[in-house]
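*Asks:* What follows is a single structure, and I will ask about it in a moment.
The values are calculated or read from the model by the stated rules, or taken from the named source; none is laboratory data. No experiment lies behind these values; they were computed from the predicted model shown. Ideal geometry is used to build each Cβ from the backbone, glycine not excepted, and the neighbour counts take in all protein chains shown.
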């Protein structure tokens, strides 16, 4: 049997199951209809690494969603900001859409450990302590995340957790922490593969289920090994609120698409939507591609003062549903054209025999982007119904062989393609 056939059979099998906890197989939906797709489908959407590495701790069946303090607040955080953010996630309806993690990033702790060697919340900014904050967040139906570092210091020179993994994990668990972002600064030159597993073991030993987010910046190709260690792993350096940064990071993360799946996800860093450095079109593209790539959706703006335009983007349930799709296969770049490849097609399989397709214009002016069925692995005669996820409407008439749309500068149109049955397409 040829390699491509093996991959297709694996894909068909995985489209019918989810990766269950403790080996329990949970049916999801019927497998893809083979007649719908061409022989090239399995090579376009390679699933050969799907599900084989994921840490089976019951978490991250879909990518994590929530908020993180760093992109907007950096070190200017305190317990009031965290409480007000939790309040805002609930009052705006973002929590109901799945944004449930309230993650404190760097600068929450004092500059030194106490006399017993324990981490201590900064008494000026977190005077009530993390346990009280976790209780507040939990009472809202949300989860609390915290930050540490697999080095001697955090990136902002607070105490790191290397060689303190067990004590720190037990402390986090005693506070009721639900999520740990684990950074990579001041790492003593020790390889990430050596520094990250001890915290995994320490977290597991606490008996509390804690999401483990590795933030080693893609230094040691974590997609190749981190699935056995954590629930997500950073594949890139830090994002910043610019078009250049966002597009570069999207391309870098795309390389590892075959390695993501339920239980473990590639992480191209947090969302910048709403922070002011990009246009609304660029933010729409940012959110679309992150959702398609099954990236964590961690809001990075001040949700206490969210604008209607920003909410319209991060609150788009149809796009969120792409990110949270039960099949859990990362979409990827499948076709480029134009100068420097600026007219791009990104796509990925979804549950229910569907495909998500994004037409992304990275050119300097508006452009028509067309996708042919061959780049999606569809038979050229297949009729496809199309749903526009930003206009929230079904397009009239079914498409055959290709589909195109005029896309504004740096914008991204996003669709669900549903192949129509052969009998219907023959009518």
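*Asks:* Taking the conditions exactly as written (on the phi < 0 side of the Ramachandran plot, assigned by TED's automatic domain parsing to the domain that holds residue 183 and crowded, with 22+ Cβ neighbours inside 10 Å), does residue 111 satisfy them or not?
*Replies:* In short, no.
*Asks:* Please determine whether any residue of the stretch 363-384 is under 28 Å from residue 97 (Cα atoms) and in a loop (DSSP other than H, G, I, E, B).
*Replies:* no
*Asks:* Something else now. Would you mention how many residues in the stretch 183-213 are in a strand (DSSP E or B) and within 20 Å of residue 100 (Cβ to Cβ)?
*Replies:* Going through the stretch 183-213 one residue at a time, the tally reaches 3.
*Asks:* Can you pull out the residues in the stretch 388-418 that are assigned to a loop (DSSP other than H, G, I, E, B) and in contact (Cβ under 8 Å) with a residue 40 or more places away in the chain?
*Replies:* 389, 390, 392, 408, 409, 410, 411
*Asks:* Which residue is modelled with the highest pLDDT, if the candidates are limited to the stretch 33-57 and must be closer than 26 Å to residue 211 by Cβ and in contact with a strand residue (DSSP E or B) (Cβ under 7 Å, 6 or more places away or on another chain)?
*Replies:* By that ranking, first place goes to 50.
*Asks:* Report, by residue number, each residue of the stretch 64-76 that is surrounded by fewer than 24 Cβ atoms within 10 Å (Cβ to Cβ) and closer than 19 Å to residue 178 by Cα.
*Replies:* 65, 70
*Asks:* Next question. Test of understanding: among 119, 133, which residue is closer than 21 Å to residue 76 by Cβ, modelled with pLDDT of 95 or more, in contact with a strand residue (DSSP E or B) (Cβ under 8 Å, 6 or more places away or on another chain) and assigned to a loop (DSSP other than H, G, I, E, B)?
*Replies:* 119
*Asks:* In the stretch 392-413, what residues are farther than 15 Å from residue 356 by Cα, out of contact with any helix residue (DSSP H, G or I) (no Cβ under 7 Å at 6 or more places or on another chain) and exposed (fewer than 15 other Cβ atoms within 10 Å of the Cβ)?
*Replies:* Correct list: 396, 397, 406.
*Asks:* While we're on this one: Within the stretch 264-275, can you find the residues that are touching a residue at least 40 places away in the same chain (Cβ under 8 Å) and in contact with a helix residue (DSSP H, G or I) (Cβ under 7 Å, 6 or more places away or on another chain)?
*Replies:* Correct list: 264, 266, 270, 271, 272, 273, 274, 275.
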